[in-house]
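What follows is a set of notes on a single structure, which appears directly below.
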Amino acid sequence: MLVKRCSFWYNIIGNITLLFRVSGMTLGDKKEMGEGIMQDYKKIDYAKNKDVVLRYIPGHFVTPNSHVNYYMDLTDMKSRQREARATGEELAEMYMVSDVIDTILCLNSMEVVGAYMANKMTKAGIISANSHKTMYITSPEYNTSGQMMFRENNQHMIRGKKVLILIDTATTGETLLGAIRTIGFYKGEVVGISAIYSVAAQIGGIPIRALYSNHDLPDYASFETENCPLCRDGVPVDAICNGFGYSTIK
Ligand SMILES: [Zn+2]
């Protein structure tokens with residue numbers, strides 16, 4: 001049912017987290033996911049849907065905005081059809097039928113999840129105010145300076161539109177703040193943020209609706225690059241990570 005109110009969601013999030021189950025990976029999981037740092041993965045199931053699984057590994061990882069002590073591998077959630085559909089549909093459940101969403105702006109390769117999310121929302125009756133009465137699913141371009149931008153042929157998906165931002169993980173919030181600012185430049189209105197995992201419940205006054213929170217990974221930590229205690233203690237970096245994945249450092 002797509003009738004849950006946001007406040008209701010946040011009120012019960014503590015209880016919901018009790019429904020998650022943390023477990024080690026099976027041999028089959030390890031084989032399919034490859035070798036290297038992947039071998040020690042753990043996973044957190046999502047009680048409401050067996051096809052939603054968060055995989056993570058402890059270590060010392062460098063992301064574009066911070067250093068973190070867990071790497072979350074969301075590759076299968078983004079790319080494997082059954083998992084991407086389940087992820088998108090569960091994210092869609094967090095919106096009300098009275099919500100109006102014109103565009104889902106997908107960050108960090110979340111387009112497949114975004115498409116399933118839009119499909120579920122549309123079937124449930126969440127409407128779009130744009131002239132075609134259907135949602136746009138798009139992603140931004142980044143220029144060589146790393147600034148988010150939209151070409152002329154894409155700007156109509158943002159200008160005057162109610163935009164939902166979809167991101168894989170929200171930790172420092174810098175990526176989301178940049179997206180909110182850019183959408184404002186193009187005269188769009190951010191009406192919601194969805195994430196697979198989020199540390200915060202809101203950013204810039206906009207609620208973040210996430211499948212997983214720090215309740216599920218209470219010792220997850222994100223450090224400023226200059227003030228990382230792992231670096232200070234001489235702990236070697238395991239991998240460089242971004243929205244595309246990770247690259248290990250041997
Ligand atoms: Zn570090």
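Every number in this text was worked out from the coordinates using simple rules, so none of it is lab data. Since we're looking at a predicted model, the values are computed, not measured. Cβ atoms come from the backbone with ideal geometry, glycine included; neighbour counts cover every protein chain shown.
Taking other Cβ within 10 Å of each residue's Cβ, how do 134, 169 sort, fewest first?
Final ranking by Cβ density, sparse to dense: 134, 169.
Each label point was placed 7 Å from the Cα along the Cα-to-Cβ direction; for residue 174 and residue 215 their separation is 2.9 nm.
Ellipsoid semi-axes for the range 6-248, based on the Cα gyration tensor and the rule √(5λ), read 29, 22, 17 Å when sorted largest first. Near residue 127, the amide H atoms lying under 5 Å from its own belong to 101; only residues 5 or more places off or on other chains count, and H is placed 1.01 Å from N. Couplings for the range 67-77, taken from phi via the Karplus curve 6.51 cos²θ - 1.76 cosθ + 1.60 with θ = phi - 60°, read 10, 10, 9, 9, 9, 9, 9, 9, 4, 5, 5 Hz in order; Gly and Pro are left as x. Phi angles across the range 138-143 convert, under the Karplus curve 6.51 cos²θ - 1.76 cosθ + 1.60 with θ = phi - 60°, into 3J(HN,Hα) values of 9, 9, x, 9, 10, 7 Hz, Gly and Pro given as x. Report note on the peptides 216-227, 110-121, 143-154: ranked by the mean count of other C-beta atoms within 10 Å, highest first, their order is 110-121, 216-227, 143-154. Remark: the residue 147-residue 111 segment gains 11.0 nm on full extension, using 0.36 nm per residue and subtracting the alpha carbon distance.
Can you tell me which of 85-96, 234-245, 59-70 comes out highest on packing, and rank the rest after it, using the mean Cβ neighbours within 10 Å?
Peptide ranking by packing, descending: 85-96, 59-70, 234-245.
Taking 0.36 nm per residue of sequence separation and removing the Cα-Cα distance, the residue 45/residue 96 pair yields an extension gain of 15.9 nm.
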